[in-house]
Ligand SMILES: [Zn+2]
């Protein structure tokens, strides 16, 4: 935009990001790294809306959203990028439009599709190379397990969040550093537990918003400063008690998913 490159910011961008560039521990180089970054967000719902909005406002240069769902009335309680007039439209396309309205200095692209093993390489590399970070913002265990396998196969760092009821979890796996994977932590999807979703178990509006923004907070540090605050850690958030805990984990040497991927 306005003839700038990835190595400089226009005056309007400097003004827009002024409070962030002023921040102790953040600087122009960090802001430029954000501008050069490409992320893919899988799921433009309760987590994907707040995560993508914060990352767009903060200046992540290229954001791709993948979701094959349409906006429904029951989504409006927590899916913060949508309003009543959007019902019936594609979540991915509407979210991308809204992000571009919020920050015209970034490129936001919506893909109305469902990510799978078969289309992953094509959808994730839509002309701009593979992304720097993959954000899992989906709402069920089986899909998260599948995205974990895609992250390992393509060696893309995976920032995986989940939110249900009044609780949430967050982790950031780095395949290149063999930090372990989603499967090391949670095992294979079972018929009993993996059927719990927001649709059948309920979720408080604030749970997804908090977890989406904790996810954005982690992504900003990772993309801007090269720092993984969740290395070897699983963050657990409980909205009822207002407590947040960090659980340490190690890669599972017997993990059938990441053990053979290196
Ligand atoms: Zn593993």
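Structure notes:
- As a rough footprinting exposure proxy, the listed residues 184, 137, 255, 49 were ranked by other beta carbons within 10 Å of their own, and the order from fewest upward is 255, 184, 49, 137.
- Fewest-first ranking of 118, 145, using other Cβ atoms within 10 Å as the exposure measure: 118, 145
- Largest first, the three principal axis extents of the alpha carbons in the stretch 32-143 are 36, 32, 21 Å in whole numbers.
- Fraction of alpha-carbon pairs over 34 Å apart in the chain - percent: 13
- Modelled FRET efficiency - R0 30 Å, residue 36 with residue 112, Cβ distances, 0.05 increments: 0.65
- When only Cα pairs below 8 angstrom with a gap of at least 6 residues are kept, the chain shows a relative contact order of 19 percent.
- Taking label points 7 Å from Cα along the Cα-to-Cβ direction, residue 28 and residue 77 give a separation of 4.8 nm.
- Cα shape, the stretch 206-262, gyration tensor, a/c 1.5 rule: oblate
- Cα-Cα P(r), the stretch 64-117, percent of pairs per 5 Å interval: 4, 22, 27, 24, 16, 6, 1
- Average projected area [Cα convex hull, the stretch 76-230], square nanometres: 10.0
- Bridge type composition, the stretch 37-248 - antiparallel percent by DSSP, nearest 5: 50
- Additional length obtainable on full extension of the chain from residue 225 to residue 142, 0.36 nm per residue less Cα span: 26.7 nm
- Length gained on full extension, residue 84 to residue 11: 22.7 nm, using 0.36 nm per residue less the C-alpha separation.
- Burial ordering of 242, 211, 166, fewest other beta-carbon atoms within 10 Å first: 242, 166, 211
- Label-zone membership for the stretch 151-169, site residue 178, 7 angstrom Cα→C-beta point, backbone N under 20 Å: 151-158
Rule-based calculations on the coordinates, nothing more; no lab input. All values reported here derive from a predicted model rather than from experimental measurement. All Cβ positions, even for glycine, are placed from backbone atoms using ideal geometry, and neighbour counts span all protein chains on display.
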